[in-house]
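Participant: Have a look at this one.
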Amino acid sequence: MNAERVVIAGIGNPIRMDDFVGVKIVQSLKARVSEKVFLIECGTVPENFIQQIVDFNPTHILLIDAALLELSPGEWKLVKPQKLIDSPAYSTHMLPLRMFCEYLSNAIKAKIALMLIQPKATDFGEGLSPEVNASVQKIVKTLLGASPKSD
């Protein structure tokens with residue numbers, strides 16, 4: 001993957017169970033990636049981090065979020081931002097992810113992808129379901145294997 005500088009942004013609500021999955025993944029990556037990877041815990045407001053992302057000047061951006069995909073709980077897929085028009089994803093965010101991605105695309109020339117993960121439960125409460133938590137472990141391992149190395 002020709003990634004020189006990568007932003008990994010976890011999106012989600014800590015009191016909506018599996019909706020927190022994106023932030024949980026970023027938390028699990030902390031202190032385990034090189035300085036070429038900028039980790040952001042966006043919570044439910046990724047738009048608040050636009051300037052930090054632009055200032056980092058990444059070549060690649062990965063946004064991780066829960067989405068209703070009609071998959072089994074914990075299953076995930078990579079989606080290009082343009083595909084968000086075709087598949088309305090579950091969102092707790094003030095600014096729709098499609099608009100957030102469009103803004104980033106206009107501000108910087110990074111490649112943007114979304115890792116969308118099927119939640120099991122998004123009711124009020126804390127903690128991930130066992131299925132989604134198992135996926136977190138697999139995804140973290142995959143991302144650690146793919147992250148840019150230090151010089």
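Participant: Would you check if there is a residue in segment 128-144 being in contact with a Ser or Thr (Cβ under 9 Å, 6 or more places away or on another chain), of a type in the set (Gly, Ala, Ser) and not in a helix (DSSP H, G or I)?
Facilitator: no
Participant: State the number of residues belonging to segment 119-148 that are at pLDDT below 95, crowded, with 17+ Cβ neighbours inside 10 Å and over 12 Å from Met17 (Cα atoms).
Facilitator: The qualifying residues number 3.
Participant: Do we have any residue at all in segment 29-46 that's surrounded by fewer than 16 Cβ atoms within 10 Å (Cβ to Cβ) and part of a helix (DSSP H, G or I)?
Facilitator: Looking through segment 29-46, none of the residues is surrounded by fewer than 16 Cβ atoms within 10 Å (Cβ to Cβ) and part of a helix (DSSP H, G or I).
Participant: Please name all residue pairs, on different chains or six or more residues apart, with Cβ atoms under 8 Å, provided the first residue is in segment 111-122 and is touching a residue at least 12 places away in the same chain (Cβ under 8 Å) and within 14 Å of Ile11 (Cα to Cα) and the second residue is assigned to a strand (DSSP E or B) and small (Gly, Ala, Ser).
Facilitator: Partner pairs satisfying both residue conditions: Leu116/Ala66; Ile117/Ala66; Gln118/Ala66; Pro119/Ala66; Thr122/Ala66.
Participant: Which one of these is part of a helix (DSSP H, G or I), free of Cβ contacts under 8 Å to residues at least 60 places away in the same chain, out of contact with any His (no Cβ under 9 Å at 6 or more places or on another chain) and closer than 26 Å to Gln118 by Cβ: Ile53, Ile25, Ile61?
Facilitator: Result: Ile53 is the single residue among Ile53, Ile25, Ile61 that is part of a helix (DSSP H, G or I), free of Cβ contacts under 8 Å to residues at least 60 places away in the same chain, out of contact with any His (no Cβ under 9 Å at 6 or more places or on another chain) and closer than 26 Å to Gln118 by Cβ.
Participant: Here is a list: Phe20, Phe56. Which entry is farther than 27 Å from Gly127 by Cβ and either buried (at least 22 other Cβ atoms within 10 Å of the Cβ) or more than 15 Å from the chain's Cα centre (by Cα) (or both)? Please lay out each step first, then the result.
Facilitator: Numbers: Phe20 fails: farther than 27 Å from Gly127 by Cβ.
After ruling out the rest, the residue left standing is Phe56.
Participant: Restricting segment 101-116 to residues that are among the aliphatic types (A, V, I, L, M) and in a loop (DSSP other than H, G, I, E, B), which is nearest to Ser72 (Cα to Cα)?
Facilitator: If we filter segment 101-116 for residues that are among the aliphatic types (A, V, I, L, M), which is where we start, we get 104, 107-108, 110, 112-116.
So of that shortlist, the ones also in a loop (DSSP other than H, G, I, E, B) come out as 108, 110.
Working: Ile108: 34, Ala110: 31 Å.
Residue satisfying both the conditions and the ranking: Ala110.
Participant: Only one residue in Ile108, Ile64, Ile85, Ile53 is farther than 15 Å from Val136 by Cα and modelled with pLDDT of 95 or more. Which one?
Facilitator: The conditions single out Ile53.
Participant: I need a count of the residues in segment 67-81 that are within 19 Å of Val7 (Cα to Cα) and either at pLDDT below 85 or touching a helix residue (DSSP H, G or I) at 6+ places or on another chain (Cβ under 6 Å) (or both).
Facilitator: 1
The values are calculated or read from the model by the stated rules, or taken from the named source; none is laboratory data. Quantities reported herein were computed from a predicted structural model and do not represent experimental measurements. When we count neighbours, we look across all protein chains shown, and the Cβ atoms used for this are built from the backbone with ideal geometry, even at glycine.
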